[in-house]
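A.B. asks: The structure follows.
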Amino acid sequence: MLLFFQSPDTQVWQNDYLQGTGCEMYTESLSPSFTGMTFPEASELCFTKLKLLLLAIEVRGIEAADTKISINPRGAKIQANTQGFFIAQSADEVKRAWYFCKACHEEVKDETLIKKCKCKNLATQQRNYTHDLERRKQ
């Protein structure tokens, strides 16, 4: 993560450009709240609500080991345990995609407040995700 400080003496587009130079590619699992959304719906939610740029997802084939990275897959639906590829300032920012819970965070306006919630539904789904990952590795 590169530190970036805005300068009041610099034009807006230059500040935006400099901020962009501090971005890197990160991966994170999408929370169960994304399951069933189309990629455009998920990327719009990430951009408007989470302030994240979702570029691609990992798409699984018929066999679990058969995966590919699909950039901006318009017709793709998000499946459970989908890995997202993001452009962001830090891995901590991208964690919002894993922590997002529709029940707890739908009304949150400040993206920095999207943290791990106490929602039993989300916790259960995330535990199932971890169990599914372990099973696929075997």
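The values are calculated or read from the model by the stated rules, or taken from the named source; none is laboratory data. Since this is a predicted model, take the numbers as computed values, not measurements. Cβ placement follows ideal geometry from the backbone for every residue including glycine, while neighbour counts extend to all protein chains displayed.
A.B. asks: Do any residues in the stretch 47-74 that are exposed (fewer than 12 other Cβ atoms within 10 Å of the Cβ) have Cβ atoms under 8 Å from those of residues that are in a loop (DSSP other than H, G, I, E, B), where the two are at least six apart or on different chains, and which pairs are they?
C.D. replies: The qualifying pairs are 68/61.
A.B. asks: Starting from the stretch 13-29, take each residue that is in contact (Cβ under 8 Å) with a residue 24 or more places away in the chain and under 17 Å from residue 50 (Cβ atoms) and list its partners that are assigned to a strand (DSSP E or B) and among the small types (Gly, Ala, Ser), counting only C-beta distances under 7 angstrom and pairs at least six apart or across chains.
C.D. replies: So the pair list comes out as 23/88; 26/88; 27/84; 28/84.
A.B. asks: Still on this structure, please answer the following. When only residues in the stretch 109-126 that are in a loop (DSSP other than H, G, I, E, B) and at pLDDT 80 or above count, which is farthest from residue 17 (Cα to Cα)?
C.D. replies: Within the stretch 109-126, the match that is farthest from residue 17 (Cα to Cα) is 117.
A.B. asks: Can you find a residue that is in a strand (DSSP E or B), at pLDDT 85 or above and touching a Gly at 6+ places or on another chain (Cβ under 9 Å) anywhere in the stretch 97-108?
C.D. replies: Step one: list which residues in the stretch 97-108 are in a strand (DSSP E or B), which gives none.
Among the residues of the stretch 97-108, not one is in a strand (DSSP E or B), at pLDDT 85 or above and touching a Gly at 6+ places or on another chain (Cβ under 9 Å), which makes the answer no.
A.B. asks: List every residue pair whose Cβ atoms lie under 8 Å apart, where the two residues are 6 or more positions apart in sequence or sit on different chains, the first residue falls within the stretch 34-45 and is touching a residue at least 60 places away in the same chain (Cβ under 8 Å), and the second residue, located anywhere, is surrounded by 14 or more Cβ atoms within 10 Å (Cβ to Cβ).
C.D. replies: From residues that are touching a residue at least 60 places away in the same chain (Cβ under 8 Å), the pairs are 34/42; 34/45; 34/78; 34/82; 34/97; 34/100.
A.B. asks: With respect to residue 86, is the statement that it is in contact (Cβ under 8 Å) with a residue 60 or more places away in the chain and buried (at least 19 other Cβ atoms within 10 Å of the Cβ) true? Let's see the steps before the verdict.
C.D. replies: Values: in contact (Cβ under 8 Å) with a residue 60 or more places away in the chain: yes; buried (at least 19 other Cβ atoms within 10 Å of the Cβ): yes.
Against the criterion (in contact (Cβ under 8 Å) with a residue 60 or more places away in the chain and buried (at least 19 other Cβ atoms within 10 Å of the Cβ)), residue 86 qualifies.
A.B. asks: Within the stretch 20-30, restricting attention to residues that are surrounded by fewer than 22 Cβ atoms within 10 Å (Cβ to Cβ) and closer than 13 Å to residue 84 by Cβ, which residue is farthest from the chain's Cα centre (by Cα)?
C.D. replies: Filtering the stretch 20-30 for residues that are surrounded by fewer than 22 Cβ atoms within 10 Å (Cβ to Cβ) and closer than 13 Å to residue 84 by Cβ, the one farthest from the chain's Cα centre (by Cα) comes out as 25.
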